[in-house]
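Reading through the structure tokens given below for one structure.
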Amino acid sequence: MTNNLDLALHEFNYSKNLRREFHQFPELGFQEFRTSKIVAETLSSLGYRVITGIAKTGVVGLLPGKLGSPTIMLRFDMDALPVLEKNETDYASKNLGIMHACGHDAHMAIGLTVAKILVENKDKVNATIKLVFQPAEEGLGGAEAMIQADVLKNPKPDYCIGAHVWNEKPLGWVGLSAGPIMAGADTFEIKITGKGGHGGHPHETIDPIPAAAQIISATQTIISRNLSPLENAVISFCSMNGGTTFNVIPDQVTLSGTIRTYLPSVRDTVIRRLEEIIQHTALAYQCQADLIVDSVTPAVINNKEVVDKITQPISEHISNIKIDTEIKSMVSEDFAFFLNQIPGCFIFVGSAKSDKALNFGHHHPKFDIDKGVLPIAVAVFLEAVEALSASQI
Ligand SMILES: [Zn+2]
Ligand SMILES: [Zn+2]
């Protein structure tokens with residue numbers, strides 16, 4: 001049996017060059033035109049059947065397997081962020097104000113390297129490989145748009161695998177666990193309406209500012225008093241806007257933020273209590289309040305059977321890695337939409353630079369990865385494909 005990490009290391013330059021190429025020319029969600037052209041051309045030259053223009057810029061590469069073999073979908077996201085890069089590397093962003101600050105450039109490089117190795121070992125791959133290059137992961141609805149464009153049909157995948165380079169953890173760390181691993185995300189907006197007036201005559205107004213302050217304080221008890229200490233949830237107020245100057249009481253204050261939960265029952269409790277506290281507090285302060293909650297993504301829930309199938313081969317066949325089966329994050333990922341329909345899992349692959357002073361988190365203007373993550377992540381995908389197709393590469 002060929003060692004998948006050796007195959008990946010053999011293609012290290014191929015991965016690195018692709019990643020540098022993508023990093024220099026980042027594009028925002030649903031505008032990944034240059035990026036998806038490179039992806040499509042590379043897949044095509046490798047011999048994949050390529051479909052382009054799915055949900056605008058999405059690309060699918062198909063490598064048909066033997067009749068009756070499973071279809072395994074591997075997903076890689078393509079979009080960058082509206083961040084001004086502060087790195088001064090020779091491969092820094094050339095598109096001003098746009099940056100691959102989350103590592104999706106690495107994901108595409110990993111995906112195309114996996115594509116190359118799989119096609120070169122095609123006779124040993126006992127599966128149909130469906131490579132999905134997705135636009136607009138960063139909260140813009142790329143996964144949903146691809147599903148609406150029937151990406152999960154013809155052929156329907158039996159399994160789906162996704163991964164993220166992860167600067168929170170060092171090289172060699174792999175986060176792989178069953179069940180909920182990333183939170184579902186909702187956004188909320190609260191409008192508190194009173195009656196404005198002169199700051200020196202507050203008794204002639206209905207001041208929405210103390211009502212807003214009380215609402216922010218009171219909602220902190222939802223997590224500490226209404227949820228079990230063993231359940232996970234986040235409520236973060238991330239913006240508050242009201243008033244324009246120091247001596248005018250405003251008519252309205254707007255608050256917005258995000259809710260993160262793993263379980264639908266916990267989400268329901270949080271939203272119900274939020275509504276109750278907002279309405280009753282506003283009433284106590286003679287104001288009116290309106291709450292709008294919008295779901296962004298459900299929680300990422302890894303399928304236990306898939307995790308069980310791939311964990312041992314990954315830990316046994318890839319040298320110098322350690323699997324963390326307890327990984328959980330309150331960050332969200334729209335891969336959740338694929339996992340809602342197809343059994344699969346999402347894997348984190350440690351990519352932090354060993355020098356802590358040079359390591360920056362995802363979405364930071366100085367974000368960069370330790371390139372050593374590229375072959376590790378490639379090997380993780382190859383091991384997953386091998387385990388799920390019960391084939392040998
Ligand atoms: Zn991100
Ligand atoms: Zn990301």
Meets criteria (closer than 16 Å to THR297 by Cβ, within 16 Å of ligand 1 (Cβ to nearest atom) and of a type in the set (Val, Ile, Thr)) for VAL331: yes
If only one of GLY61, GLY47 is at pLDDT 95 or above, surrounded by fewer than 18 Cβ atoms within 10 Å (Cβ to Cβ), in contact with a helix residue (DSSP H, G or I) (Cβ under 8 Å, 6 or more places away or on another chain) and within 23 Å of LEU382 (Cβ to Cβ), which one is it? GLY47
From the set of residues in the stretch 329-354 that are assigned to a loop (DSSP other than H, G, I, E, B) and within 16 Å of ligand 2 (Cβ to nearest atom), which is nearest to THR261 (Cα to Cα)? MET330
Where a residue in the stretch 202-215 is among the charged types (D, E, K, R) and its partner, wherever it lies, is surrounded by fewer than 18 Cβ atoms within 10 Å (Cβ to Cβ), with Cβ under 6 Å and at least six apart: GLU204/GLY197
Is the stretch 163-171 home to any residue that is within 16 Å of ligand 1 (Cβ to nearest atom), assigned to a loop (DSSP other than H, G, I, E, B) and either of a type outside the set (Lys, Arg) or in the same structural domain as ILE72 (by TED's automatic domain parsing) (or both)? no
Here the residues within the stretch 99-155 that are within 30 Å of ASN87 (Cα to Cα), in contact with a strand residue (DSSP E or B) (Cβ under 8 Å, 6 or more places away or on another chain), β-branched (Val, Ile, Thr) and more than 16 Å from ligand 2 (Cβ to nearest atom) are VAL114
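Kindly establish whether ILE215 is within 35 Å of the chain's Cα centre (by Cα), part of a helix (DSSP H, G or I) and buried (at least 19 other Cβ atoms within 10 Å of the Cβ). Before the answer, list the steps.
Details: within 35 Å of the chain's Cα centre (by Cα): yes; part of a helix (DSSP H, G or I): yes; buried (at least 19 other Cβ atoms within 10 Å of the Cβ): yes.
Yes.
Determine if the stretch 110-119 includes at least one residue that is under 16 Å from LYS16 (Cα atoms), of a type outside the set (Ser, Thr, Tyr) and within 16 Å of ligand 1 (Cβ to nearest atom).
Of all residues in the stretch 110-119, those under 16 Å from LYS16 (Cα atoms) come to 110-117.
From the residues that got through so far, the ones that are of a type outside the set (Ser, Thr, Tyr) too are 110-112, 114-117.
Going one step further and asking which of them are within 16 Å of ligand 1 (Cβ to nearest atom), we end up with 110.
Yes, there is a match, as at least one residue in the stretch 110-119 is under 16 Å from LYS16 (Cα atoms), of a type outside the set (Ser, Thr, Tyr) and within 16 Å of ligand 1 (Cβ to nearest atom).
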Out of (1) under 15 Å from the mean Cα position of the chain (by Cα); (2) at pLDDT 95 or above; (3) of a type outside the set (Ser, Thr, Tyr), the one VAL293 does not meet is (1)
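For the stretch 70-92: of the residues being polar (S, T, N, Q) and over 25 Å from ALA143 (Cα atoms), which is surrounded by the fewest Cβ atoms within 10 Å (Cβ to Cβ)?
Restricting to residues being polar (S, T, N, Q) and over 25 Å from ALA143 (Cα atoms), the top hit is THR89.
The values are calculated or read from the model by the stated rules, or taken from the named source; none is laboratory data. Computed from a predicted model, the values in this text were never measured in an experiment. Here the Cβ is made from the backbone with ideal geometry for all residues, glycine too, and neighbour counts use every protein chain on show.
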